[in-house]
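Each value in this text was obtained by applying a stated rule to the coordinates, not by laboratory testing. Please read these numbers as outputs of a predicted model, since none were measured by experiment. Cβ placement follows ideal geometry from the backbone for every residue including glycine, while neighbour counts extend to all protein chains displayed.
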2 protein chains.
Amino acid sequence: MTLASGARSIGGNGIEVVAFDGDDTLWHSESHFVDAHARFVALVAPYVDGDPTVIDERVVATERANLAIYGYGAKAFTLSLIESAIDLTAGRVTSGEIAAILDLGKRLLDQPVELLEGVDEVVARLDDDGYRLIVVTKGDLFHQESKVAGSGLADRFARVEIVSEKDVATYRRVMGEAGVAPENFLMIGNSVRSDILPVVELGGHAAHLPYVYTWELEHVPDADAERMGFHELTSIRQLPELLDRLSG
Amino acid sequence: MTLASGARSIGGNGIEVVAFDGDDTLWHSESHFVDAHARFVALVAPYVDGDPTVIDERVVATERANLAIYGYGAKAFTLSLIESAIDLTAGRVTSGEIAAILDLGKRLLDQPVELLEGVDEVVARLDDDGYRLIVVTKGDLFHQESKVAGSGLADRFARVEIVSEKDVATYRRVMGEAGVAPENFLMIGNSVRSDILPVVELGGHAAHLPYVYTWELEHVPDADAERMGFHELTSIRQLPELLDRLSG
């Protein structure tokens, strides 16, 4: 691997590459899945006796069981919803309701990209300041590419890495491809499991920026920034100052 | 972009990087889709009056209409089959039949990788001869990664590029990332549209190796190797000789 020299030349401890998670860090995503899930619940609830939380439980269990075969993303979600609907209704779900679930999935895939508050300005500022910016995002290749294209930010990013799993091996490869040492790399994202812990394990910097919703399969109980060695932000607008501090 | 020097050092006209398509070039794929399609036809045929070719036509039309939203791959295919089943049966398809379509899709995704005849030896020989080998494949990120992992060939490839569309822009990026000039790049694949024409347009070399089946959406009528400037092979075993000739 040839180490490319970055546009920004700084000392050993400075951040050279800032990597952004996509979904729920740059743009809204989980809120759309939450909406789709609510519509799904409304569709199947009439078939389910008693406590409607069995619907949530069945969906999460189906998604978890299918993860190794479907991977992540809205098409995987749609297929798992159809399977859940058949199970939850003991086969009584109608083809019209299945068609409605297909439409929920298409609506998710077709949703215009909505950037999170502050993203536009912060990404522009860091790019102008000479940081090399990349996106490291998980999920459906086709859908993620559409979102990057629809974000209006594509020109700000030196690389877009769409990966099937965000683990230590993935981040090692991403850092290698970008030609950056872990100590000069910072990842920012909303998922402690996918955006933070593997980067910290490699000796990189990581900033956790929680989103209003966390998907059950990304949830890490008892995440503790100080003990686990990452930075906790409440707004992406705090990122430039964190980078200054790390380069200081 | 830093140009990495290849393991093989050859003159201006020699091939340095050999890029392989995955599906139907390295391993069987379309034959599994053809099987799945046949099972689908058997499921819905009882609902369809008259000529069963309306089933094929409806599936292709649905896949084509969904391409811009679903992209390629087995999950996209499964979702399009469910939609087609609802349409073709005027909503009379049962949830048990929808469940059978979900199973067809899972079976496609779970299919063990079967290498095509000669692939194993040719890939090993070219790697041992010092060519830099890469995979450029389209479709579902998660599924394609599983197939590379399951092929037993992963260690032979310097890079695996899973892309959402194989067009001129994609191949320009792939050559850039690999640090190779078009005249030192050869792509081999079964699809004239996706593996051959964009590479030839960039000034690269391309070898067409037809597979027994061609998906309707990849079909190029009147493809002519001589007129269009690519090489036509009948077996991957002819590839080493072609590379020798191009380097001679």
Along Cα→Cβ at 7 Å, what distances in nm separate the B:Glu241 label point from those on the other copies, shortest first? 7.1
Of the listed links A:Lys166/B:Lys166; B:Lys106/B:Lys166; A:Lys106/B:Lys166; B:Lys75/B:Lys147; A:Lys166/B:Lys106; A:Lys106/A:Lys166, those spanning more than 20 angstrom between alpha carbons are A:Lys166/B:Lys166; B:Lys106/B:Lys166; A:Lys106/B:Lys166; A:Lys166/B:Lys106; A:Lys106/A:Lys166
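In percent, how large is the relative contact order of segment B:125-248, given Cα pairs closer than 8 Å and 6 or more residues apart?
Numbers: 148 pairs, mean separation 21.7, N = 124.
After rounding, I find 17 percent.
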In whole angstrom, how far apart do the alpha carbon centroids of segment A:71-105 and segment A:198-218 sit? 29 Å
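What percent does the relative contact order of chain A come to when contacts are Cα pairs within less than 8 Å and at least six residues apart?
Working: 362 pairs, mean separation 70.4, N = 248.
Reported as a whole number, the value is 28 percent.
What do you get when you divide the Cα radius of gyration of the protein assembly as shown by 2.2 N^0.38 Å, with N the number of residues?
Output field value: 1.03.
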Distances from A:Val34 to the same position in the other copies: list them in nm, one decimal, shortest first, using label points 7 Å from Cα along Cα→Cβ. 4.9
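What average number of partner chain Cβ atoms lie no more than 10 Å from the Cβ of the residues making up B:143-153? Write down the numbers at each step before the final one.
Numbers: counts 4, 2, 4, 4, 0, 0, 0, 0, 0, 0, 0.
Counting other chains' Cβ atoms within 10 Å and averaging over B:143-153 gives 1.
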State log₁₀ I(q)/I(0) for segment B:30-110 at q = 0.20, 0.23 Å⁻¹ as given by the Debye formula over alpha-carbon point scatterers of equal weight, solvent excluded. -0.85, -1.13
Contact order normalised by length for segment B:30-110, with contacts defined as Cα pairs under 8 Å and 6 or more residues apart; what percent is it? 38 percent
Run through the other copies and list how far each one's label point is from that of A:Glu165, in nm with one decimal, shortest first; the point sits 7 Å from Cα along Cα-Cβ. 3.1
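To the nearest whole number, what is the average tally of beta carbon atoms from other chains within 10 Å of the beta carbons of peptide B:65-71? Spell out each step's value before the answer.
On the way: counts 0, 3, 1, 4, 11, 9, 8.
What the average comes to for B:65-71 is 5.
If you take the Cα atoms of chain A, find Rg, then find the Kirkwood Rh from the mean of 1/r over all pairs, what is Rg/Rh?
Working: Rg = 19.6 Å, Rh = 19.2 Å.
Ratio value, two decimals: 1.02.
Which whole number gives the average, over all residues in A:78-85, of C-beta atoms from other chains lying within 10 Å of the residue C-beta?
Working: counts 5, 8, 1, 0, 8, 5, 0, 2.
Average per residue, whole number: 4.
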